[in-house]
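Data block below; observations after.
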């Protein structure tokens, strides 16, 4: 089995996926397809299995049954680091950045992680090593500009707000060169104003990387604004799946997501402040 990354966005196929913790089926027979270059959003109540599904795809939890394939290759037996060589990049609810590093250094660490580092050549400053260092710093400077983080370049990660740390985390994802990006609640714990900026930010992230994106997010309006396909989970199973305009009219979806009213579903996210008649994010139809 090869573990070398292909090119372009990845295709994800999940068939009969099962994850069991003790006697609890956290994911129970889930099957889904994520087409290359699309953004698919997972929503559902706490404990519905969304994050566990991401963990199973990225290899962080063992499967009790089913298959996970990337571009037709079964990856169930691959370790997380082996899956990373296929271009699978996983984010977490808390940005996992070294707090003592500056923003620039944290991003340079990401670039170094993509390839082998020749310590001797770098220490001796051989010509190819100097060129490589210039290329790394150029890539970091470009992503700092793309995410408008230049003024934070020399700030320590520990000094940043939660929202800015999230942006640095997303910038590091771009530098990791994902083909399949698994995002776990990127707006968790950030202020409303910062959350509203994440739709264009995530769109830019997907456009720059070209990656296929599987997104877990508690902010339902954001998911409906951003995603090509919305998947609603309940008790480890999928109860509704399809385009946003279809899922938001599905009674099973509305019932599964805490029986939420349209008003509750529009209480946060980029659609919360939309003018009347332009609120497209709820599960309920017009």
Modelled label-to-label distance, residue 31 and residue 141, 7 Å Cα→beta-carbon offset: nm? 5.2 nm
Hey, fewest Cβ within 10 Å first, where do 184, 112 land in order? 112, 184
With a ≥ b ≥ c taken as the square roots of the eigenvalues of the C-alpha gyration tensor of the stretch 32-77, please select rounded if a/c is under 1.5 and otherwise prolate if a/b is larger than b/c or oblate if it is not? oblate
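Just subtract the alpha-carbon distance of residue 153 and residue 101 from 0.36 nm times their residue separation and send over the number in nm, one decimal.
Roughly 17.7 nm would be gained on extension.
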Yeah, the stretch 135-186 with a ≥ b ≥ c from its alpha-carbon gyration tensor (a/c under 1.5 is rounded, else prolate when a/b outruns b/c, oblate otherwise) is oblate
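What per residue convex hull volume, in Å³, do the alpha-carbon atoms of the stretch 9-100 yield?
On the way: hull volume 11.6 nm³, N = 92.
In the stretch 9-100, the Cα convex hull volume per residue is 127 Å³.
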Calculate the spin-label point distance for residue 134 paired with residue 77, positioning each point 7 Å from the Cα along the beta-carbon direction, and give it in nanometres. 4.6 nm
Residue exposure sequence - 146, 172 - by fewest surrounding Cβ within 10 Å: 146, 172
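Give me 193, 15, 83, 166 ranked fewest to most by other Cβ atoms within 10 Å of their Cβ, as a rough exposure proxy. Write out the running numbers ahead of the final one.
Details: 193 8, 15 15, 83 21, 166 25.
So the ranking, lowest neighbour count to highest, is 193, 15, 83, 166.
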A student applying the Cα gyration tensor rule (rounded when a/c is under 1.5; otherwise prolate if a/b is larger than b/c, oblate if not) would label the stretch 146-225 oblate
Taking the alpha-carbon centre of each part, the distance from the stretch 140-200 to the stretch 30-107 in Å is 18 Å
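Every number here is computed from the coordinates shown, using simple stated rules; none is lab data. Please read these numbers as outputs of a predicted model, since none were measured by experiment. Cβ coordinates were reconstructed from backbone atoms using ideal geometry, including for glycine residues, and neighbour counts include every protein chain displayed.
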